[in-house]
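What follows is a single structure, written as structure tokens, with notes after it.
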Amino acid sequence: MRKIQMVDLVGQYADIREEVRKSFDSILESAAFINGPEVKAFQEDLEAYLGVKHVIPCANGTDALQIAMMGLGLKPGDEVITADFTFAATVEVIALLGLTPVLVDVEPDTFNIDTEAVRKAITPKTRAIVPVHLFGQCADMETLLEIAREHDLFLIEDNAQAIGANYLFSDGRLQKAGAIGHVGATSFFPSKNLGAYGDGGALFTDDDALAHRIRGIVNHGMYQRYYHDVVGVNSRLDSLQAAVLRAKLPHLDRYCEKRRAAARYYNASFKDREGITVPTTVRSCEGICDTCDCHVFHQYTLRIGGGKRDALAKRLTEAGIPHGIYYPVPLHRQKAYADARYKESDFAVTNQLSEEVISLPMHTELDEEQLAYICRTVLEFIEQAEPSSGLI
Ligand SMILES: *Cc1c(COP(=O)(O)O)cnc(C)c1O
């Protein structure tokens, strides 16, 4: 059996090797490293793929989130509601801009922001909601759009983990993750579903005026060279990364389908096993998610009950199976983001998830032998750990 990787970027490279090398050669010959034709071409390809009017490339996903908030004109003191159960980048940029992060709990089944908790957290100072499409499927955007409309709030999608996912509205309409709210932010970090060979990110919006502001902000607030109309940052996608992304984009749907195939294999092995909860797909997709594309499984995340998660992690390590705990500490308990306003009882789900979640290897190159070995190892552990469950 081939060695199991958490993410296998080497295997994926084989497919696009010729194309990437050819583009790299031409970029090296032309020396158009920043804002070269590759960046523009990738931007247009991604606009077409997402069905969004404007894609603005930038240096990484964290910057994309920060620039979205700058572009919307959020000011110190403004409250921004986001999920307690996410990667710290989401809340980091809120704090960095002097805005007030308001963390709320998530749903136990989808791991995504709890819309009821969002409603409860709204105050006269609230200006924006940042749903994170965690592990590859959209938060409940239909409800969030409604809340945003009712309270006149901006909806900023953190789409770092769900590029390529569709969102199914109750009227049957499909829209790409990240292209639903006022503005979407994504990351092209190498291990993301659409990953560069270094850092990268982008913003998406249909709003012409916002797109214009953002295009200035990413480039020192300049619309004309050396005329700085707004305070900006230096956040650009370089041409070499754009070339990689451009080569990969036509394969993105296939990559996502391979991830889903691995997820289906895991689901079939683990479902209905006591002590294991498999990830749930969104309500609107119920029953059809085996064939539709609403979940792109950036991570395949199990919940292991009964306090056995850490012992399973140890067993997997012994068996040579990489795994991840995303995320071991809820954000409201992080030193940097702790706040006297937060009550533990408001974060019951996140607190429990942080003790139960474990993510299994998930990428485009997993083969059946590897998947079978991973499933066998997990099931053997569960059966031994729970002799009374009758699973043996
Ligand atoms: C990866 C990630 C980011 C940050 O992206 P970078 O490109 O690493 O800056 C933000 N939010 C979430 C949810 C992520 O997973």
Q: Rounded to whole Hz and in sequence order, give me ³J(HN,Hα) for segment 30-38 from the Karplus expression 6.51 cos²θ - 1.76 cosθ + 1.60, θ = phi - 60°, writing x for Gly and Pro.
A: 8, 6, 8, 7, 10, 6, x, x, 4
**Q.** Mean Cα-pair separation over length for segment 1-110, i.e. relative contact order, pairs under 8 Å, 6 or more apart, %
**A.** 17 percent
Q) Where the centroid of each part is defined by its Cα atoms, how far is segment 87-108 from segment 163-233 in Å? A) 18 Å
Q: Starting at the first residue of segment 166-177, write each ³J(HN,Hα) from the Karplus equation 6.51 cos²θ - 1.76 cosθ + 1.60 with θ = phi - 60°, in whole Hz, x for Gly and Pro.
A: 9, 10, 9, 7, 5, 8, x, 5, 10, 9, 6, 3
Q. Long-range amide H contacts for Gln137: which residues qualify at under 5 Å (H placed 1.01 Å from N, peptide plane, sequence gap of 5 or more or a different chain)?
A. Val296
Q | Out-of-range pairs (alpha-carbon distance over 19 Å; input Lys75/Lys192; Lys40/Lys176; Lys53/Lys125; Lys176/Lys248; Lys22/Lys53; Lys40/Lys248) | A | Lys75/Lys192; Lys40/Lys176; Lys53/Lys125; Lys22/Lys53
Q. Can you give me the Cα centroid spacing of segment 12-60 and segment 364-383 in angstrom?
A. 36 Å
Q: Identify the residues of segment 1-23 with backbone N under 20 Å of a label point that sits 7 angstrom from the Cα of Ala372 along the Cα-to-Cβ direction, or state none.
A: 1-5
Q | Candidate lysines - alpha carbon under 18 Å from Lys343, same-chain residues fewer than 8 apart omitted | A | Lys120, Lys335
Q.
What is the percent carbon and sulfur in the accessible area of segment 252-386, measuring with a 1.4 Å probe over the protein chains and ignoring ligands?
A. 49 percent
Q) Which of the aspartates and glutamates could be linked to Lys314 by a straight reach, that is with a Cα gap under 18 Å, when you skip same-chain ones fewer than 8 residues away? A) Glu355, Glu356, Glu380, Glu383, Glu386
Q.
For the pair Glu355/Asp207, report the inter-label distance in nm, with labels modelled 7 Å from Cα in the Cβ direction.
A. 4.1 nm
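Applying 1/(1 + (r/R0)^6) with R0 = 22 Å to the Cβ-Cβ distance of Asp25 and Ser191, what FRET efficiency is obtained, to the nearest 0.05?
For Asp25 and Ser191, the calculated efficiency is 0.25.
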Q: Throw me the Rg/Rh for the chain, computed over C-alpha atoms with Kirkwood Rh, two decimals.
A: 0.97
Q | Where trypsin sites (Lys or Arg not before Pro) in DSSP loops with at most 16 other Cβ within 10 Å are excluded, longest remaining stretch of the chain | A | 54-124
Q | Amide proton proximity set for Cys58, modelled H, under 5 Å, gap of 5+ | A | Gly201, Ala202, Leu203, Leu237
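The values are calculated or read from the model by the stated rules, or taken from the named source; none is laboratory data. Computed from a predicted structure; not experimentally measured. So basically every Cβ, Gly included, is an ideal-geometry build from the backbone, and we count neighbours across all protein chains shown. Quick note on the areas: whole protein, heavy atoms, side chains included, nothing else; ligands and nucleic acids left out. Shrake-Rupley method; radii C 1.70, N 1.55, O 1.52, S 1.80 Å.
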